[in-house]
Amino acid sequence: MPSVSNSHKSGDIAVSVRDLSLTYTTAIDRKPTLKSRAKSLGRGTKQTRVVNALSHVNLDVEYGHVLGVIGANGAGKSTMMRVIAGILPPTEGRVEVFGKVSTLLALGVGFNPAMSGRKNVYLGGLAAGMSRGEIDDHFEEIADFSELGDAIDAPMRTYSSGMYARLAFSVAATTRPDILIVDEALSTGDAKFKEKSLNRMKELRGDDRALILVSHAMLTLRDICNDVAWIHKGKLVKRGNPDEVIDAYQEFLQVGKSAAIDEDV
């Protein structure tokens, strides 16, 4: 695929995160006991819980780099991606993004299941900032990369999760964004398409783009990333060489290093 020129140079800052915190309050409904119901004259009780989803996170992402983000479920990885993408506002701190961002945060986000894959290519492309003419020019490339064949004209509600992933990634990667954020969206693809997608991300990295990849697939992160950030309970625990950070994370989890674990942690 011919590359599109990028005005940013390797080493330039693509994303700057400074003292980033995000706190929200969630309501907890609990059934009252007989005793508490009597005390509250029969009214139910509603309690709230304050969640510190992110706490004073600092990191930079440079052009020409792929940053892997790891951590257990609920660590704050996806929340941070949504803040960087501008979907969630931070409670404290700031995020500066220097370039055009394309996000692949969850399967099917931004797609209309009742519409065909073809129409959703246009929907996703427009959402990513492409003009209709640009989508026209790149449509065949997107369709070919997705390998959906005639299914491109079927309603997306008939797609498997793997088909969703293939079309979503094809749209996101073909826009040739300055910054591409991928959050677990490739976990449902088949092995062949995963390899194809990883090769595309390596192309983007070589073209001085910036990529942020959230994943539990440790072998993938070791292979593609320049460095890895470990998030735990909303805090940045460690960042640096992929092998060193992943080894520390796995030691923390006390899981060892089997091939199966490397793809599932």
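Nothing in this text is a laboratory measurement; each read-out follows from the coordinates by a stated rule. In this text, all values refer to a predicted model and were calculated from it rather than measured experimentally. Here the Cβ positions follow ideal geometry from the backbone for every residue, glycine too, while neighbour counts run over all protein chains shown.
Values for this structure:
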| quantity | calculated |
| --- | --- |
| Residues in the range 217-243 reached by a label modelled at Lys202 [backbone nitrogen below 13 Å; 7 Å Cα→Cβ] | 220-226 |
| Dipole of the range 115-258, positive end: most advanced residue of Phe145, Leu213, Leu126 [Cβ charges, Cα centre] | Leu213 |
| Alpha carbon centroid spacing (whole Å) that separates the range 126-189 from the range 196-259 | 24 Å |
| Long-range HN-HN contacts of Lys238 with modeled amide H, under 5 Å | Trp230 |
